[in-house]
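Working notes, beginning with the structure itself.
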Amino acid sequence: MSKIQHNLQTIGTEIAGDCQRFGRDAASVTLLAVSKRHPASAIREAYDCDQRAFGENYVQEMLEKAEQLGALDIAWHFIGPLQSNKTKDVAKVASWVHTVDRLKIARRLSEQRPQTLAPLNVCLQVNVNNETSKSGVSLDELGELLESVSDLPNITVRGLMAIPEATNDTTRQRQNFRLLAGAMARLNATGYQLDTLSMGMSGDMDAAIAEGATIVRIGTAIFGERPTA
Ligand SMILES: *Cc1c(COP(=O)(O)O)cnc(C)c1O
């Protein structure tokens, strides 16, 4: 068995175990394989183990891999910082963008989404701990942003995404994820129908599932350490 195959099995088992432990349906959590800086061959290996959703952080890298693997039925999720001069490429290739944090980007994605494709699925990125180093809208401004983007025709706002502060303290991890889950619950109570919480990475996946993650974004635990060059 290859390393990637082994890791995918291990994570699948861990997700199923978490779901059981926290009283959730196993089908309610989607594993997004974060393949940034790993070669197309690694993606193909995971694909051969039935993995279909892959996350990329860099526009150029996603485009190249999508081209190389064009014959495969892959859903590309863009999860990196997005500049407005790159929205057009992303709108053409991605099924999902997890990192929308301002109206201008959302507008451009909607305008540039090819009419031949289904609407682009979007998550609003929230800076739950107000870290200056991180992108994302603040919890305070989230409602206003959601209102302004929710009527755009060619994107569908599915939910919220966060990269909370890095901590090994599982209590803190859960508190931070709960901030995002709580925000979505409050928005839905006002009439929205958001169904996606994109939260949890290799180091905090269990806490994220405990707090309601529906997409976990896992890189290292599947593909190993990322090459630095
Ligand atoms: C790189 C990355 C991940 C995956 O992180 P790992 O710790 O390798 O699992 C998840 N989400 C985002 C936004 C990332 O940039």
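From the list Ala181, Ala162, Ala213, exactly one residue is within 17 Å of Leu31 (Cβ to Cβ), buried (at least 16 other Cβ atoms within 10 Å of the Cβ) and small (Gly, Ala, Ser). Which is it?
One residue alone meets the criteria, Ala213.
Part of a loop (DSSP other than H, G, I, E, B), among the aromatic types (Phe, Trp, Tyr) and either under 25 Å from Leu180 (Cβ atoms) or at pLDDT below 95 (or both) - does that describe any residue in the range 54-72?
Yes, the range 54-72 contains at least one residue that is part of a loop (DSSP other than H, G, I, E, B), among the aromatic types (Phe, Trp, Tyr) and either under 25 Å from Leu180 (Cβ atoms) or at pLDDT below 95 (or both).
Just for the range 196-209: of the residues that are outside any helix (DSSP H, G or I) and out of contact with any Ser or Thr (no Cβ under 7 Å at 6 or more places or on another chain), which one is nearest to the ligand (Cβ to nearest atom)?
In this case the residue turns out to be Met201.
Return yes or no: is Thr167 within 14 Å of the ligand (Cβ to nearest atom), surrounded by fewer than 17 Cβ atoms within 10 Å (Cβ to Cβ) and farther than 27 Å from Ala42 by Cα?
yes
Looking for something closer than 23 Å to Thr214 by Cα and part of a loop (DSSP other than H, G, I, E, B) - is there at least one such residue anywhere in the range 105-115?
There is no residue in the range 105-115 that is closer than 23 Å to Thr214 by Cα and part of a loop (DSSP other than H, G, I, E, B).
In this structure, does Gly212 turn out to be modelled with pLDDT of 95 or more, assigned to a loop (DSSP other than H, G, I, E, B), touching a Leu at 6+ places or on another chain (Cβ under 8 Å) and closer than 25 Å to Arg52 by Cβ?
Yes: the conditions hold for Gly212.
Any idea how many residues of the range 1-49 are part of a helix (DSSP H, G or I) and among the basic types (Lys, Arg)?
3
Can you tell which of Thr30, Thr87 is touching a helix residue (DSSP H, G or I) at 6+ places or on another chain (Cβ under 8 Å) and either surrounded by fewer than 18 Cβ atoms within 10 Å (Cβ to Cβ) or at pLDDT 95 or above (or both)?
None of the others qualify; the one that does is Thr87.
Does Val157 satisfy being modelled with pLDDT of 95 or more, within 11 Å of the ligand (Cβ to nearest atom) and not in a loop (DSSP other than H, G, I, E, B)?
no
Would you confirm, using the coordinates I've provided, whether Leu142 is within 14 Å of the ligand (Cβ to nearest atom), more than 28 Å from Leu63 (Cα to Cα), in a helix (DSSP H, G or I) and at pLDDT 95 or above?
It is false that Leu142 is within 14 Å of the ligand (Cβ to nearest atom), more than 28 Å from Leu63 (Cα to Cα), in a helix (DSSP H, G or I) and at pLDDT 95 or above.
Restricting attention to the range 198-208, report how many residues are more than 15 Å from Arg158 (Cα to Cα) and in contact with a strand residue (DSSP E or B) (Cβ under 7 Å, 6 or more places away or on another chain).
Residues in the range 198-208 being more than 15 Å from Arg158 (Cα to Cα) and in contact with a strand residue (DSSP E or B) (Cβ under 7 Å, 6 or more places away or on another chain): 5 in total.
The values are calculated or read from the model by the stated rules, or taken from the named source; none is laboratory data. For clarity, every value in this text was computed on a predicted model and none was experimentally measured. Backbone-built Cβ (ideal geometry, glycine too); neighbour counts: all protein chains shown.
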